[in-house]
Amino acid sequence: MESSKKMMNGLMHEHFHSCSIWMEESWDASYDGSRHSDDSYHEKLHIEPIYESFVCPLTKQVMRDPVTIENGHTFEREAIERWFRECKDSGRRPCCPLTLKELSSTDLNPSIALRHTIEEWTQRNDAAQLDNACRSFGPGSSEAEILQALGYITNICQKNKSNRHLVRNAELIPLIADMLKSSSRKVRCIALQTLCVVAEDNDDNKEVISVGDTVRTVVKFLSHDHSQEREAAVSLLYELSKSEALCEKIGGVNGAILILVGLASSKSENVLTVEKADKILDNLEKCEKFVKQMAENGRLKPLLKLLLEGSPETQLSMAAYLGELVLSNDVKIFVAQTAGSALVDVMRSGSKQSREAALKALNQVSSHEASAKILIEAGILPPLVKDLFTVGVNLLPMRLKEVSATVLANIVASGADIESIPLNQDHQTLVSDDIIHNLLHLISNTGPAIECKLLQVLVGLTSSSKTVKNIVSAIRSSGATISLIQFIETPQRDLRMASIKLLHNISPYMGQELSDALQGTAGQLCSLMRVISENNGISEEQAAAIGLLANLPEMDSGLTRRLLAEEAFPMITSKILRIRQGKTRGGRFVTPYLEGLVQVLSRITYILESESGVVALIQEHNLASLFIDLLQMNGVDKVQMVSAMALENLSQRSKHLTRIPEHPVQGFCASVFPCFSKPPETTGLCRVHHGQCSIKDSFCLLEGKGVEKLVACLDHNNEKVVEASLAALCTLLEDGLDIEQGVLVLCETEGIKPILEILLENRTEFLRQRAVWAVERILRTEEIAMEISGDPNVGNALVEAFRHGDYRTKQIAERALKHVDKLPNFSGIFPKIGG
C-alpha cells in the first residue's frame, strides 16, 4: 500500500509538473519564454489577487473551464481528463489526485458559477493590464517595461481571439505601431510580432494598423540586415495582405513589390520567409497594376496568367504592357513557351487593337534567337507576312507594319531554317520570288522606318548560304539593284547601314552589277568612302562598306579610276597604318575592316600599266613595303593572301622600273687599243634585275627583304596564301631577269625545299602548275639538278604533272624532267650553294 502511494505521488508530481508547464506555455507563450515562480508570475500578470478557488490544483493556473468530480474537488477540465486517462493507461482505477482515494465515477460536473466568477475577474484583470500596457508605452518607460507590455498584449490576444477587440478599443494599436520606430532592435522585432498577432483574422484591427505610415514602415523592414526583423515584417505583411483593401496600400509603397519579388526568389532566406513573400505577391495579384509591376521586376507568371485566362479587356491590357517591358533573354524564352501560341492566335484572328498589342509583345519576345525559334514553331510567319502585304479593310496602319517588319527581321536573324516554311495555300516561302518582289516593292514605297526593317529582313536572308542565291535571283529579276544602292546616300544611319550590309552580302554574287551601278550614279561611291573614313572607332557599318568594295572585281579598272578620283587610296593607306600602329581602337570588326582595306588597296596594283600616275602614287606612299609588312599578320589569312597577290603585281613591274646604268660611249683610244675597251664596273646593282633597285621606287622584293617573308608563307595552312606567295616568288624567275641569280636568292632564303614540297604535296591544280613552272626554272641550275636527280619523289611528281597536267604544264614538266636526267645523283650541293 505504501509503495502504491509513492508511485501515485510520483505520477501526480510528474503530472502536476507537465500540466503546469503546458498551461503556463499556453498562457504566457508570447513573453520572453523564461520560467517564473508562481508568485512572480501572478504578480506580473494580475492586478487583483488570485483566489485559491480560481486555481486548478493540478496546473496551478487560473481555471478556464472548471469541473467538479464526485468527491467535490474542482479542477481544470482538460487537466482532470488527462489525469483519468493516465490512471486508465497505467491499469489502475481512477482516483482523486488530491486524496488518492478511488472514485466510483469519472463524471465531471461543470462549475458554471465559478467559471462566470473567474471570467468576470479575468475581464477586470485584463482591463487593468491593458491600462498598464498603455502607460508602459510612455516616453519614460524602460525597454523591459515595453517588452513586458508587448508580451501581455500578445498573450491576451492568443488566449482568446475575442480579446483582440479589447486591444483596439484601448487604442493600443497606434502605440504598438510607434514602437516600430524604437532604437531598440528587440523592441522593434517584438512590436512587429505583436501587431501580427493583433491583426490575425481581424479586419477591423488591420484597418487600424494601416492608418498613417505604418505599412510603409513595415515594408522598410523587408530590406533590413537583421533577419528576425525581415521575417517578422514578412509575417505581418502576409497577414495584412489577406485584406483586399490593404493590398492596395502594401503594393502602393514604392519598392515594395520589387523587394517582395526578390525575397520570393531568394536562395538564402528562411524557407518560411520565402513562402510568405510568395503568398503576399499572390494576394497582391488581385490588382492589375501590381501584376504589371511584378512583371516589370521579373515575376511574369501572374501577367501571363491574365493574358491567357483574363477577360478580353484584361488580355488586351496585359499584352500591351508586355510589349512595353524590357525582358531578359531567359524571360523572353519563358514568355514564348507560355504565351507564344496565344499571341500568334491573336495576330491571326484578333481585332486591330488586340493585334497591335500582340505585335508589340511579339516584338519584345522575338528579339532573342532562342525565343524567336519558339515563335516560329508556334506559327508566327504566315500571319506576320500576311499583315505586311495585306491591303484593303484589314490593312494595318503603317506604324504597325513597321512593328511587323521588326518582328520579321528578328525571326530571320534567329538563324532558323525558314526557307521551307509555307506561308500560304500556294506553298510559297519567305524566299520565293513573289514574296521577295513584294518585300522589294514595300522597300521602295514606304517610309524610312519600315524600309530599314525590311532591309534587315533581306540582310538576314542573304546572311545564309542556303537562301542568299534566291534573294540575288529575285533582286536581279525585279531590277532593284539601283534602288537598293540609292539608300547609301540616305541621311538615316540605320537605313543606310542596313542597305550597305545587304549590298555587302550580295556583292560576291553580283559584283559586276554593283560595280557598274556605283559607277553609273553620282554620290553613292562618295558616300561609301565617307562611311569608311569615319574616325569613331571601327563600326559594323564601316566593315560592311569596305567589305562591299573589296568584293567588287579587282580587274574593273573603271571602278579603280573612280576610287583614284575620290582620293580613296591615300585614306585607306592611312587607315591601315593606324591599325598596324595601334592608333585605331579595335573591336570585333577590326579584322573584317582591315581585310577589306587591304583588298581595296591592292586594286591599285592591277592598273600599273594602264593608268599614269599610279606608280608615282605607290612610290609616294611606299605601298610595296607596306604589303611586305602585312605578310607578317599571322592569323589574318586574307590580308596575307591579298598582300602576296599585290606584291606579285608590283614585282612584275620591277624590271621596267629598275634603273640600268648607262655606260659612256667608247672613244678613239678604246677602238685602237683593246685594253682600254673594258667597261667600268658599277657596284650596288640588283643581282636579279641588274639595275639600281629599291623597294620604294622599283618594288624590288630582294631589296625590300620580301623574299624571306614570302618563303615563310609557303608553309601556311591556307592554300590560297601559299598560292599567292608562290606566285609572287615566281616573279624572280621570269624571262628577262637573271634566273640563275633568282634561284640563288631562293637558295639563300631556304625557299627551294618548300617549293619542292609543294610540288610533292599536289594540294591544288593551281599550286601544281606554279610549282612545276618554278621547279623547271630552278633545275636550270646544274648543281641543283644534280642534287634533285637523286630524289625519286621529285621525278615521280614531275612525271604525274606530265601525264595529268594541261598542255602547258606538260610541256614545262617535260623540260624539267630533261634537266633532272642530265646528270647522275650527286650529294652535298645545297650546302655549297647556300655558302
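The values are calculated or read from the model by the stated rules, or taken from the named source; none is laboratory data. Because the structure is predicted, anything quoted here is derived from the model rather than measured. Heads up, the Cβs are rebuilt from the backbone with ideal geometry, glycines too, and the neighbour counts pull from every protein chain shown.
For the residues R92, R64, R82, the requirement of being surrounded by 14 or more Cβ atoms within 10 Å (Cβ to Cβ), touching a Ser or Thr at 6+ places or on another chain (Cβ under 9 Å) and in a helix (DSSP H, G or I) singles out R82.
Within region 48-61, the residues that satisfy the criterion of being out of contact with any strand residue (DSSP E or B) (no Cβ under 7 Å at 6 or more places or on another chain) and part of a loop (DSSP other than H, G, I, E, B) are E48, P49, Y51, K60. When I538 is tested against (1) buried (at least 20 other Cβ atoms within 10 Å of the Cβ); (2) part of a helix (DSSP H, G or I), only condition (2) is not met. Tell me the residue from E776, E783 that is of a type in the set (D, E, K, R), modelled with pLDDT of 90 or more and not in a loop (DSSP other than H, G, I, E, B), please. Step by step, each of E776, E783 is checked, and only E776 is of a type in the set (D, E, K, R), modelled with pLDDT of 90 or more and not in a loop (DSSP other than H, G, I, E, B). Going by the conditions given, is K301 surrounded by fewer than 16 Cβ atoms within 10 Å (Cβ to Cβ), out of contact with any helix residue (DSSP H, G or I) (no Cβ under 7 Å at 6 or more places or on another chain) and under 21 Å from Q337 (Cβ atoms)? For K301, the condition - surrounded by fewer than 16 Cβ atoms within 10 Å (Cβ to Cβ), out of contact with any helix residue (DSSP H, G or I) (no Cβ under 7 Å at 6 or more places or on another chain) and under 21 Å from Q337 (Cβ atoms) - is met. Out of V531, V636, one residue alone is out of contact with any Leu (no Cβ under 9 Å at 6 or more places or on another chain) and either at positive phi or of a type in the set (A, V, I, L, M) (or both). It is V531. Residues in region 341-353: is at least one without any contact (Cβ under 8 Å) to a residue 12 or more places away in the chain, more than 17 Å from K386 (Cβ to Cβ), in a helix (DSSP H, G or I) and not β-branched (V, I, T)? No: zero hits. For region 541-561, indicate whether the set of residues that are of a type in the set (V, I, T) and over 22 Å from M645 (Cα atoms) is non-empty. Within region 541-561 (the criterion being of a type in the set (V, I, T) and over 22 Å from M645 (Cα atoms)), the answer is no, since none of the residues qualifies. Scanning region 574-596 for residues that are farther than 17 Å from D629 by Cβ, assigned to a loop (DSSP other than H, G, I, E, B) and in contact with a helix residue (DSSP H, G or I) (Cβ under 7 Å, 6 or more places away or on another chain) turns up just one, F589. All of (1) in contact (Cβ under 8 Å) with a residue 12 or more places away in the chain; (2) in a loop (DSSP other than H, G, I, E, B); (3) within 30 Å of M398 (Cα to Cα) hold for P508 with one exception: (3).
With respect to (1) touching a Phe, Trp or Tyr at 6+ places or on another chain (Cβ under 8 Å); (2) at pLDDT below 95, the lone exception for L647 is condition (2). The conditions are (1) closer than 30 Å to R64 by Cα; (2) without any contact (Cβ under 8 Å) to a residue 24 or more places away in the chain, and L172 fails exactly one of them. Which is it? Looking at each condition in turn, L172 falls short on (2). Taken as a whole, region 437-447 holds at least one residue that is farther than 19 Å from E369 by Cβ, β-branched (V, I, T), free of Cβ contacts under 8 Å to residues at least 60 places away in the same chain and crowded, with 23+ Cβ neighbours inside 10 Å. Of note, A616 does not satisfy the criterion of being in a helix (DSSP H, G or I), over 18 Å from I546 (Cβ atoms), in contact with a Ser or Thr (Cβ under 9 Å, 6 or more places away or on another chain) and not acidic (D, E). Against the test of being of a type in the set (K, R) and either surrounded by 19 or more Cβ atoms within 10 Å (Cβ to Cβ) or on the phi > 0 side of the Ramachandran plot (or both), the options R588, R603, R578 yield a single qualifying residue, R603.
Would you mind finding the one in K249, K292, K267, K276 that is basic (K, R), out of contact with any Gly (no Cβ under 8 Å at 6 or more places or on another chain) and not in a helix (DSSP H, G or I)? From the options K249, K292, K267, K276, the qualifying one is K267.
Within region 102-109, is there a residue that is modelled with pLDDT under 90 and crowded, with 16+ Cβ neighbours inside 10 Å? Within region 102-109 (the criterion being modelled with pLDDT under 90 and crowded, with 16+ Cβ neighbours inside 10 Å), the answer is no, since none of the residues qualifies.
Just one of (1) at pLDDT below 90; (2) surrounded by fewer than 16 Cβ atoms within 10 Å (Cβ to Cβ); (3) under 30 Å from L423 (Cα atoms) fails for L308. It is (1). Across region 119-143, the qualifying residues are those that are hydrophobic (A, V, I, L, M, F, W, C) and within 60 Å of the chain's Cα centre (by Cα), and the one among them that is nearest to K159 (Cα to Cα) is A133.
Please work out which residue is farthest from R653 (Cα to Cα), limiting yourself to region 694-739 and to residues that are polar (S, T, N, Q) and surrounded by fewer than 24 Cβ atoms within 10 Å (Cβ to Cβ). Looking at the filtered set, the residue picked out is N717. Taken over region 620-632, residues that are within 14 Å of H716 (Cα to Cα) and crowded, with 18+ Cβ neighbours inside 10 Å amount to 1.
Kindly evaluate S354 against the criterion of being over 19 Å from R399 (Cα atoms) and either among the hydroxyl-bearing types (S, T, Y) or under 24 Å from the mean Cα position of the chain (by Cα) (or both). No. The residues in region 703-741 that are at positive phi and among the polar types (S, T, N, Q) can be counted, and the count is 0. When the criteria are applied in full, D282 fails the requirement of being more than 30 Å from E324 (Cα to Cα) and among the acidic types (D, E).
Pairs meeting the criteria (first residue in region 587-598 and within 11 Å of I576 (Cβ to Cβ), second residue surrounded by 20 or more Cβ atoms within 10 Å (Cβ to Cβ) and polar (S, T, N, Q), beta carbons under 8 Å, at least 6 apart or on different chains) are Y593/Q542; V598/S643.
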